[in-house]
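Structure first, then comments.
The values are calculated or read from the model by the stated rules, or taken from the named source; none is laboratory data. This is a predicted model, so every value here is computed, not measured. FYI the Cβ positions are ideal-geometry reconstructions off the backbone, even for glycines, and counts take in every protein chain you see. Accessible surface areas use protein heavy atoms only, side chains included; no ligands, DNA or RNA. Shrake-Rupley method; radii C 1.70, N 1.55, O 1.52, S 1.80 Å.
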Amino acid sequence: MDKIVITGGRKLKGEVRISGSKNSALPIMAATLLSEDESVLENVPDLRDIQTMLRLLRSLGARAQFEKGTVTIKPGRNLNPIAPYKLVSTMRASVCVLGPLLARMGHAEVSIPGGCVIGLRPIDLHLKGLQALGAKMEIQHGYVHARVKRKLKGSEIFLGGAFGSSVLATGNVMMAACLAQGRTSIENAACEPEVVDLANFLKKMGAKITGEGSPRIEIEGVKKLHGAKFPVIPDRIEAGTFIFAAAVTGGDVAIKNLEPSHQNAVMDKLAQAGVRLERGKNTLRVRRKGRLKPVDVTTLPYPGFPTDLQAQMMALMSVTPGISVITEKIYPDRFMHVSELNRMGSRIMLEGPSAIVHGVKQLSGAPVMASDLRASAALVIAGLVAEGTTEVHRVYHLDRGYEKIEEKFSALGASIHREKE
Ligand code: EPZ
């Protein structure tokens, strides 16, 4: 296993190029199953989760390969509709193959992904949406067995859960509805840019979708979809992670190849915190001179502040004078990073779904344990500003979602490298 070793205290300076979005690429890769033709996806990041999805698609019978940021997938006529526990348990996004398999093959058996370290993660909305399209669902031996007699049928579906909309459930139902008979409307659909990207890919395959990016998506089913060539959008969470890293070190970083409009909630909070942000067409320059100010943040579905940047925001607030309150409304248990940040000298207390952050003058480097992808990113950010050396263990979490993270930070002047444990 590898660890990341960081010596803190250097201001980040220069330019960093953002990779393609993991959370966009994964459902789009699953969507290619809706046609037997070959699809070509560009700007796909080289990450462990992408490799897992390629393995899953191959196990379903598709030909799938990755080369220099381009994924080529040819599902072919016959698919094996079983997504095994071995793969689904390592990556929840595997559940995205459920809708496409059901729509193409009339039958799917997909292992139920368990909860994970960020909390309970049920799939009831995925099942409810697909049932509304006419699928019969049974849970047996840890698998969802989904079947449809002849064809899925368009329907009016309300997809709201206890924590609001669901990104991947919206994607799953939207994918299946593309090949259903008649019209489907999804009410309380997720509005995340990754849902819009998926809809754009499906439209390139010949699907008829309107309303993506709003809480009501309409889909007119078509008989067949064809293969398509498509570039995936830039990763807004990777971009946000570099924005926080630049801000925490008091540096001057130009973030390239991002979509600035995806960062509105982040930019609003950082402007309140005293960070200077200059927005270009596909760039954002992040600078800070002077003291940071505390801000309160609540995570919400898009366009609200993303839960996937909550931990990174906490790393920044942990060295911001004053008290900030960070409330998690998507995953109320997503606070595994708190105890690790506190080992580095931060003063963070938990009160239910809120973290009360008392900013400290200085963090001190320490060996810390990454517990999940975004928690790991927060520990790297803390390490960049801490006095002394931080070792982030269990780096495989970072490798699930950040492409060449230590190379990108090194190029900005950070003292960071990877070592074998
Ligand atoms: C996506 O997960 C992302 N993953 C997550 O990113 C992200 O944190 C999340 O959206 C929220 O933005 C991918 O895109 C691969 P949800 P998803 O369904 O779609 C509840 C990362 O670090 N819910 O939008 O699975 C759920 O428990 C990952 O890159 C139900 O109740 O999340 C949560 O409270 C982590 N029933 C809320 O909805 C369901 O059937 C939103 O989850 C589904 C979800």
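With respect to VAL222, is the statement that it is touching a residue at least 24 places away in the same chain (Cβ under 8 Å) and surrounded by fewer than 21 Cβ atoms within 10 Å (Cβ to Cβ) true?
yes
One residue stands out in the stretch 355-372 among those that are surrounded by fewer than 24 Cβ atoms within 10 Å (Cβ to Cβ) and within 16 Å of the ligand (Cβ to nearest atom): the one that is nearest to the chain's Cα centre (by Cα), namely ASP372.
For the stretch 134-162, the set of residues classified as surrounded by fewer than 17 Cβ atoms within 10 Å (Cβ to Cβ) and part of a loop (DSSP other than H, G, I, E, B) consists of HIS141, GLY142, LYS149, ARG150, LYS151, GLY160, ALA162, listed by residue number. Taking the stretch 313-337 as the range and being in contact with a Leu (Cβ under 6 Å, 6 or more places away or on another chain) and surrounded by fewer than 18 Cβ atoms within 10 Å (Cβ to Cβ) as the test, only LYS329 passes. Looking across the stretch 117-133, not a single residue is part of a strand (DSSP E or B) and buried (at least 16 other Cβ atoms within 10 Å of the Cβ). Pairing residues of the stretch 281-303 that are of a type in the set (Lys, Arg) with residues that are surrounded by fewer than 16 Cβ atoms within 10 Å (Cβ to Cβ) and part of a strand (DSSP E or B), at Cβ distances under 6 Å and at least 6 apart in sequence or on separate chains, gives ARG285/GLU278; ARG287/ARG276. Mind checking whether some residue in the stretch 159-173 is away from the ligand (no atom under 15 Å from the Cβ) and hydroxyl-bearing (Ser, Thr, Tyr)? Looking for residues that are away from the ligand (no atom under 15 Å from the Cβ) and hydroxyl-bearing (Ser, Thr, Tyr), one finds none in the stretch 159-173, hence no. Among the strands (runs of 3 or more DSSP E) confined to the stretch 244-312, the ones with at least 2 residues that are in the same structural domain as GLY322 (by TED's automatic domain parsing) and crowded, with 17+ Cβ neighbours inside 10 Å are located at 252-256, 283-287. Figure legend. Inter-residue proximity from the stretch 8-36: first residues closer than 21 Å to ALA207 by Cβ and assigned by TED's automatic domain parsing to the domain that holds GLY227, second residues open to solvent by less than 10 Å² (accessible area, probe 1.4 Å) and polar (S, T, N, Q), beta-carbon distance below 6 Å, spacing 6+ or different chains. Indicated pairs: THR32/SER39.
Within the stretch 63-84, the set of residues being touching a Leu at 6+ places or on another chain (Cβ under 7 Å), open to solvent by 30 Å² or more (accessible area, probe 1.4 Å) and more than 13 Å from PRO45 (Cα to Cα) comprises just one member, ASN80. Each residue in the stretch 174-212 was checked for being within 16 Å of the ligand (Cβ to nearest atom) and either among the small types (Gly, Ala, Ser) or part of a loop (DSSP other than H, G, I, E, B) (or both), and 8 of them qualify.
For the stretch 380-421, filtered to residues that are part of a strand (DSSP E or B) and in contact with a helix residue (DSSP H, G or I) (Cβ under 7 Å, 6 or more places away or on another chain), the residue that is nearest to THR90 (Cα to Cα) is VAL392.
Selection of the stretch 93-131 for residues being more than 12 Å from the ligand (Cβ to nearest atom) and in contact (Cβ under 8 Å) with a residue 40 or more places away in the chain yields VAL97, GLY99, PRO100, LEU101, LEU102, ALA103, ARG104, GLY106, HIS107.
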